[in-house]
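Structure first, then comments.
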Amino acid sequence: MLRVTKLADYGIVLMTQMACPEGQATHNARDLAREVQLPLPMVSKILKALAREGLLNSHRGIKGGYTLSKRPADVSIAEIIRALEGPIAITECTDRTHGDCGLEQQCPTRGNWHRINLAVRDALQRITLADMVQPVPKCPSPLLEVAAASSLVRML
């Protein structure tokens, strides 16, 4: 099973909360933790990492906190995941480092794993924070759901 780590998942949740149009510009860790119902230490850790990677600006002082460093439409989900987890890689041999696999050099599927990794990375690059604050459109019929799923599979 492919999964996004809790750290990346929570980072996306926090960044999406900060990108909500009805929200305030500057967010502090305590308020964000309460709003998204996550532990304050985890929220603080994620916000610091996102600021260190340039996705958030940190402001000191009584009215301090964090602001998005770019418009929501200019921040991709891939950027958030990379900031918190490093390169997006489905398998060890697709992250541009040599993995622990002894078959890596002669692996018959390595090239295809690179294709799959690129498709996943490109899909995540196309989804922005602006997309994440929009409600997911409901499919009016099961046939449209199948068509949507088929187009996603073709994308990958």
Check your understanding: Any idea how many residues of the range 17-31 are within 19 Å of residue 81 (Cα to Cα) and either modelled with pLDDT of 95 or more or touching a His at 6+ places or on another chain (Cβ under 7 Å) (or both)?
Key -> 1
Review point. Since residue 17 meets every condition but one in (1) closer than 30 Å to residue 108 by Cα; (2) in contact with a strand residue (DSSP E or B) (Cβ under 8 Å, 6 or more places away or on another chain); (3) not hydroxyl-bearing (Ser, Thr, Tyr), which condition does it not meet?
Key: (1)
Check your understanding: Just wondering, is there one or more residues in the range 43-51 that are part of a loop (DSSP other than H, G, I, E, B), of a type outside the set (Phe, Trp, Tyr) and within 21 Å of residue 128 (Cα to Cα)?
Key -> no
Check your understanding: Looking at this structure, is residue 76 free of Cβ contacts under 8 Å to residues at least 12 places away in the same chain and among the hydroxyl-bearing types (Ser, Thr, Tyr)?
Key -> no
Point to revise | Any hit, the range 97-112, residues being in contact with a Leu (Cβ under 9 Å, 6 or more places away or on another chain) and modelled with pLDDT of 75 or more | key: no
Practice item. Mind listing whichever residues of the range 14-42 are outside any helix (DSSP H, G or I), in contact with a Phe, Trp or Tyr (Cβ under 9 Å, 6 or more places away or on another chain) and farther than 21 Å from residue 134 by Cα? Key: 28, 38
Point to revise | Answer residue from the range 68-94, given it is more than 17 Å from the chain's Cα centre (by Cα) and either surrounded by 15 or more Cβ atoms within 10 Å (Cβ to Cβ) or in a loop (DSSP other than H, G, I, E, B) (or both) and is modelled with the lowest pLDDT among those | key: 94
**Study point:** residue 11 being modelled with pLDDT of 95 or more and either within 22 Å of residue 134 (Cα to Cα) or part of a helix (DSSP H, G or I) (or both)
**Key:** yes
Revision key, fill the gap. Of the listed residues (55, 38), the one being aliphatic (A, V, I, L, M), in contact with a Lys or Arg (Cβ under 8 Å, 6 or more places away or on another chain) and buried (at least 16 other Cβ atoms within 10 Å of the Cβ) is 55
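The values are calculated or read from the model by the stated rules, or taken from the named source; none is laboratory data. As the structure is a prediction and not an experimental result, all values here were calculated from the model. Positions of Cβ are generated from backbone atoms using ideal geometry, with glycine treated the same way; all protein chains shown enter the neighbour counts.
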